[in-house]
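Colleague: Before we start, here is the structure in question, set down as structure tokens.
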Amino acid sequence: MRRACPPGPADPAPPITRAHLAAAAAVVAAFVVLLALGLLFCSLTFAWLTFYAVTVARLGRLLTGAARRALDAVTGVVLIAFGVRLAAEER
């Protein structure tokens, strides 16, 4: 019975060509573009939420006394109505 020969050394890696370099450059360029878009999205979100927080804080200072109580009452009624609607809904 013959024994199989052990495998020889692996084939050497093919040489890197201009096509390989162009493909790698395209992948890097796509990554940079996506990274820039992600950073832009994060910056716009941060700016919007900062503006929103400052506006709500200023409006909170303006609403005092009766206006604040009326707004709290309306908000409470709306939340209770949503809860009743959810409880009465069939599954």
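Colleague: Could you work out [θ]222 nm for the chain from helices alone, using -39500 (n - 2.57) per DSSP H run of at least four and dividing by all its residues? Round to the nearest 500 deg cm²/dmol.
Modeller: Working: 2 runs with 68 residues, N = 91.
After summing the helix terms and dividing by residue count, I get -27500 deg cm²/dmol.
Colleague: Measuring from label point to label point, each 7 Å out along Cα→Cβ, what is the A24 to S43 span in nm?
Modeller: Reported label-point gap for A24 and S43 is 3.0 nm.
Colleague: With angles folded into 0 to 90 degrees, how steeply does helix 66-88 sit against the dominant principal axis of the chain? Use alpha carbons for both and round to 10.
Modeller: For 66-88 against the chain, the angle is about 60 degrees.
Colleague: Run the simple label-point estimate for V54 and L34 please: 7 Å along Cα→C-beta, distance reported in nm.
Modeller: Distance between label points: 3.4 nm.
Rule-based calculations on the coordinates, nothing more; no lab input. If you're wondering where the values come from, they're calculated on a predicted model, not measured in any experiment. In this analysis, Cβ positions are derived from the backbone assuming ideal geometry, glycine residues included, and neighbour counts consider all displayed protein chains.
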